[in-house]
1. Determine whether Y48 is modelled with pLDDT of 85 or more, hydroxyl-bearing (S, T, Y) and surrounded by 12 or more Cβ atoms within 10 Å (Cβ to Cβ).
2. Of the conditions (1) surrounded by fewer than 13 Cβ atoms within 10 Å (Cβ to Cβ); (2) modelled with pLDDT of 75 or more; (3) over 19 Å from the mean Cα position of the chain (by Cα), K21 clears all except one; give me its number.
3. Out of the range 56-83, which residues are surrounded by 11 or more Cβ atoms within 10 Å (Cβ to Cβ), part of a loop (DSSP other than H, G, I, E, B) and modelled with pLDDT of 90 or more?
Amino acid sequence: MFSLTLERGRYLRIRKRVTDKDVSETFFFPAEGVFCGAIIPLSPPKRYCYAKVGDTYATVSRREGVNENRLRELNNGRAIYPTLKIWLP
C-alpha cells in the first residue's frame, strides 16, 4: 500500500512506491513522471458548461465530446435543468 500526503490541500508529495497509475486513479487526472519526493499540484484545470433548455447527459456528452457515464458520475447523477453548472471531465 502507499501513503499520499496532502499539503494545504493543493499539492501532493509523492511517497515511496507511489506510481503514476496510483496518482491518476486516486485523483482522476493524468500524472506522468512522478517520483519519490516530487510535489505535484492537485488542482487540474476545471472545465464546466451550463445546461440549456432540453439538455440531458446524452446531449451534453455529445456536444462536449466526453463520455456520458463519466459525466453522470462526476455530477453525481443529479437532474439537469437550464442554467445548471455541469462539470466536465
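The values are calculated or read from the model by the stated rules, or taken from the named source; none is laboratory data. On a predicted model such as this, the values are computed, not experimentally measured, just so you know. Here the Cβ positions follow ideal geometry from the backbone for every residue, glycine too, while neighbour counts run over all protein chains shown.
1. On the way: modelled with pLDDT of 85 or more: yes; hydroxyl-bearing (S, T, Y): yes; surrounded by 12 or more Cβ atoms within 10 Å (Cβ to Cβ): yes.
It is true that Y48 is modelled with pLDDT of 85 or more, hydroxyl-bearing (S, T, Y) and surrounded by 12 or more Cβ atoms within 10 Å (Cβ to Cβ).
2. (3)
3. Within the range 56-83, T56, V66, N67, I80 qualify.
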